[in-house]
Amino acid sequence: MLRRDVLAGAAVMLAAGAARAEVGAVRIARQPSLGHLPLMLMEEQGLLQKAAAARGVSNLQTQYVTLAGGAAMNDALLSGQIQFAAGGVPPLVLLWSKTAGTGLAVKGVAAMNSMPLLMNTNNPKIRRLADFTDRDKIALPAVKVSVQAMFLQMAAEKELGEARRNELDRLTVTLSHPDGMAALLAGNEITAHFTAAPIQELELRKPGIRTVLNTFDVLGEPSTFNVVWAASSFTEANPQIHAAFTAALEEAVTMINADKPAAAKAYTRLARDASDPGLIAEILADPQVRFTTTPQAIGKYADFMARTGTIRRAPASWKDLFFADVHSKAGS
């Protein structure tokens, strides 16, 4: 009969061997918005490396890259250029549908936040979607494929009817968040901008700019804005890194919620955009803004995408879209 200390030593050796088998470097992609603050903190404070080292993966090399949108995220993930992608919910749902049953089998790692997206306008005649005319242009991060574009269709269906769901698509143009703000404030061709924090709040500081659409009103409840996703082929081959990533993300989210003024200063320092700590602190204090790893209203995104033919099939539950370690959360 083997001694207990021998068995314990063997277990340690097996764990160390498993850790050594995992990759030595990962690349994480994010986007330039307040919703990605947890990833900014993870990079600045080396949270992923610390969590990996605690799980036997020492000297993990990490690189954080900035990509413009969900389509770029998914292309980079499929080509193996990145291991973790972060962005809006639709790109995750789309890639989950495309890769289901394959070796990649992309799924969500965790949510990052729940916050509304606002469509602001400089046109005093626009009070609702029915007021838009062919003389108006709506800037958003990506025509057709961005989360803002999908919400515009959802809102049009709700206000104008199912037959007119895509009616406003013809008015949309692709502009980055900063370029969209500049165009809206210039008051020329762009008369509305569907964006995200903190750009949307910066716009509202300018006289004559007001909100015409809030995504929480479209869904009728708070909803996840940003999620992180990865391929099953990677997480199965690197379970300790996957566990370390989720632990580091939880730590970053806890840090934000524990000291929001400090989090506001950190964002201003790391993002280097036009916002100031006061504005970011106001946004973080907004009751509609919440940093959390629990997915919210994911099912409504997926149901809409399935009903409109964007994906082949709808998941039976939000849990189908996420790895098993998230399933214990009170998601929806």
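The values are calculated or read from the model by the stated rules, or taken from the named source; none is laboratory data. This is a predicted model, so every value here is computed, not measured. Please note: Cβ atoms are built from the backbone with ideal geometry, for glycine as well, and neighbour counts cover all protein chains shown.
Results for (1) buried (at least 19 other Cβ atoms within 10 Å of the Cβ); (2) basic (Lys, Arg); (3) not in a strand (DSSP E or B), shown as yes or no for each residue.
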residue: TRP229; (1), (2), (3): yes, no, no
residue: GLU236; (1), (2), (3): no, no, yes
residue: ALA248; (1), (2), (3): yes, no, yes
residue: THR254; (1), (2), (3): no, no, yes
residue: PRO261; (1), (2), (3): no, no, yes
residue: LYS265; (1), (2), (3): no, yes, yes
residue: PRO287; (1), (2), (3): no, no, yes
residue: THR293; (1), (2), (3): yes, no, yes
residue: LYS300; (1), (2), (3): no, yes, yes
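Rundown of residues vs (1) outside the structural domain of ALA285 (by TED's automatic domain parsing); (2) in contact (Cβ under 8 Å) with a residue 60 or more places away in the chain; (3) more than 19 Å from the chain's Cα centre (by Cα); (4) under 15 Å from MET42 (Cα atoms), yes/no style:
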| residue | (1), (2), (3), (4) |
| --- | --- |
| SER233 | no, yes, yes, no |
| ASN238 | no, yes, yes, no |
| HIS242 | no, yes, no, yes |
| ALA247 | no, yes, no, yes |
| MET255 | no, yes, no, yes |
| ALA258 | no, no, yes, no |
| ALA263 | no, yes, no, yes |
| ALA274 | no, yes, yes, no |
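Among the residues in segment 196-212, are any charged (D, E, K, R) and outside the structural domain of PHE132 (by TED's automatic domain parsing)? Checked against the condition, which is being charged (D, E, K, R) and outside the structural domain of PHE132 (by TED's automatic domain parsing), segment 196-212 yields no hits at all. Evaluated against (1) in a helix (DSSP H, G or I); (2) farther than 25 Å from PHE304 by Cβ; (3) of a type outside the set (Ser, Thr, Tyr), ASN188 falls short on exactly one condition, (1).
When the residues of segment 163-181 are filtered to those that are surrounded by fewer than 17 Cβ atoms within 10 Å (Cβ to Cβ) and modelled with pLDDT of 95 or more, the one that is farthest from PRO32 (Cα to Cα) is ALA163.
Being free of Cβ contacts under 8 Å to residues at least 24 places away in the same chain and either under 13 Å from ASN226 (Cβ atoms) or of a type outside the set (Val, Ile, Thr) (or both) is the requirement here; does ALA53 meet it? When the stated conditions are applied, ALA53 passes them.
So which residues in segment 69-102 are among the hydrophobic types (A, V, I, L, M, F, W, C) and assigned to a helix (DSSP H, G or I)?
Result: ALA71, ALA72, MET73, ALA76, LEU77, LEU78, VAL89, LEU92, VAL93, LEU94, LEU95, TRP96.
In segment 199-216, what count of residues is obtained for those that are surrounded by fewer than 16 Cβ atoms within 10 Å (Cβ to Cβ), assigned to a helix (DSSP H, G or I) and of a type outside the set (A, V, I, L, M, F, W, C)? Matching residues across segment 199-216 total 0. The residue that is modelled with the lowest pLDDT, among those in segment 302-318 that are among the small types (Gly, Ala, Ser) and either within 16 Å of the chain's Cα centre (by Cα) or not in a helix (DSSP H, G or I) (or both), is ALA314.
Of note, ILE283 does not satisfy the criterion of being of a type in the set (Val, Ile, Thr), surrounded by 13 or more Cβ atoms within 10 Å (Cβ to Cβ), in contact with a Lys or Arg (Cβ under 9 Å, 6 or more places away or on another chain) and touching a residue at least 12 places away in the same chain (Cβ under 8 Å).
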